[in-house]
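Taking it in order: structure first as structure tokens, then the write-up.
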Amino acid sequence: MAVTITDDVAHVQLNRPDKLNAINLEVIDGLIDAARMLRSRRDIRAIVLGGRGRSFSAGLDFASTFTDKKRVARYFLPGLRRANRFQRVNAIWRELPIPVIAVVHGHCFGAGLQLALGADFRLTTPDAQWSIMEAKWGLVPDMSGTVPLAELVPSDVAMSLTMSGRIISGQEAAGLGLATHAHDDPQTAAGELVGELSARSPDSVAATKRLLYGTRRGTIRSALRLERALQAKMFRSPNTRIARKAGESKTEPQFGHRTFGS
């Protein structure tokens, strides 16, 4: 894993270019450690998740991963929160109080696609190759990717892609809703999105992420309760006061570090 922080933006990159950034146990550990470290950084405004070399990720590296079957078994056992380590590596990005942008190029297969689905936004080159590849090996996706998949596309589309394992282009992924947008230069597009998000209160951005994820599967009553609770916290946020004063004076707000979200 390679983690660099520049101008309050964290760049997390898969760093196995000779293996097309295929994911093994070491990569899983590196991703989880990176997410945990960044959670504590209240100055970080966005995370850009990508892969070095020719691909985002070609999926799970079976040959490397299963050389230690006992370790695989430990990672597969559910933890206290009922998610095992294979699932945690992707689900953890949705829990961060920081927007996460996946930049996809080359291959985005299997475990790599589930990692991209764990991000809040997915920007892809039009010619990138996307596939829920597990069907090729007689398996089902089991790294938490089915949760965002079911939120992003209709059930018949999700079943078709998952059962067939067929490869689609980044352009088609964007058309289906798997990717947020297709761009010839998704890295530049990610920078532009970071700029838009950074122009807003980091507390508001973090609370909005929690709100939208928190209301997708609950009742209307629980959604309204969450809205009220989060808004009450925004009323008390120093960054809200900064945003209001900037709006009243028609000046650019100079926000402090994020105060919402642990």
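Couple of notes before you dig in:
- The C-alpha atoms of the chain define a longest principal axis, and helix 202-214 lies at about 50 degrees to it.
- Put in order of Cβ neighbour count within 10 Å, fewest first, the listed residues Thr6, Thr188, Thr124 become Thr6, Thr188, Thr124.
- Relative packing of 152-163, 201-212, 130-141, which averages over residues the other C-beta atoms within 10 Å, highest first: 201-212, 130-141, 152-163
- Estimated 222 nm signal from helices in the chain, with DSSP H stretches of n ≥ 4 weighted -39500 (n - 2.57), rounded to 500: -14000 deg cm²/dmol
- Near Arg122, the amide H atoms lying under 5 Å from its own belong to Ala102, Thr180, His181; only residues 5 or more places off or on other chains count, and H is placed 1.01 Å from N.
- In this rough spin-label picture, where each label sits 7 Å from Cα along the Cβ direction, the Ser198-Arg225 distance is 3.8 nm.
- Considering only beta bridges that DSSP places wholly inside the chain, some 25 percent are antiparallel.
- The convex hull built on the alpha-carbon positions of the stretch 1-70 has an orientation-averaged projected area of 5.0 nm².
- Listed residue (Gly195, Ser164, Gly218) projecting farthest to the positive dipole end of the stretch 137-228, Cβ model: Gly218
- A Cβ-based charge dipole, computed about the Cα centre of the chain with Lys and Arg at +1 and Asp and Glu at -1, lands at about 1340 debye.
- Using distinct alpha-carbon pairs, which all enter the 1/r mean, Kirkwood radius of the stretch 1-137 in Å: 15.1
- Most mobile listed residue (Phe109, Phe86, Phe66) in the chain, GNM with C-alpha springs under 10 Å: Phe66
- Counted charge near Pro17, where neighbours are those whose Cβ lies closer than 11 Å (Asp, Glu -1; Lys, Arg +1): +3
- Taking the C-alpha atoms only, the angle from helix 186-198 to the longest principal axis of the chain is near 30 degrees.
- Using the Karplus relation 6.51 cos²θ - 1.76 cosθ + 1.60 with θ = phi - 60°, the per-residue 3J(HN,Hα) values for the stretch 62-78 come to 4, 4, 6, 5, 8, 6, 10, 5, 5, 5, 4, 4, 5, 5, 7, 5, x Hz, with x marking Gly and Pro.
- Counting only Cβ charges, +1 for Lys and Arg and -1 for Asp and Glu, the dipole size of the stretch 1-156 around its Cα centre is about 520 debye.
- Magnitude of the charge dipole for the stretch 56-122, about its Cα centre and with charges confined to Cβ atoms of Lys, Arg (+1) and Asp, Glu (-1), is about 380 debye.
- Cα centroid of the stretch 111-137 to Cα centroid of the stretch 5-28, whole Å: 15
- For the stretch 30-47 and the stretch 184-262, distance of Cα centres in Å: 17
- Per-selection Rg to Rh, the stretch 125-262 - Cα, Kirkwood hydrodynamic radius: 1.08
Read-outs: derived from the displayed coordinates by stated rules, not from any lab. A quick note: this is a predicted structure, and the numbers were derived from the prediction, not measured. When we count neighbours, we look across all protein chains shown, and the Cβ atoms used for this are built from the backbone with ideal geometry, even at glycine.
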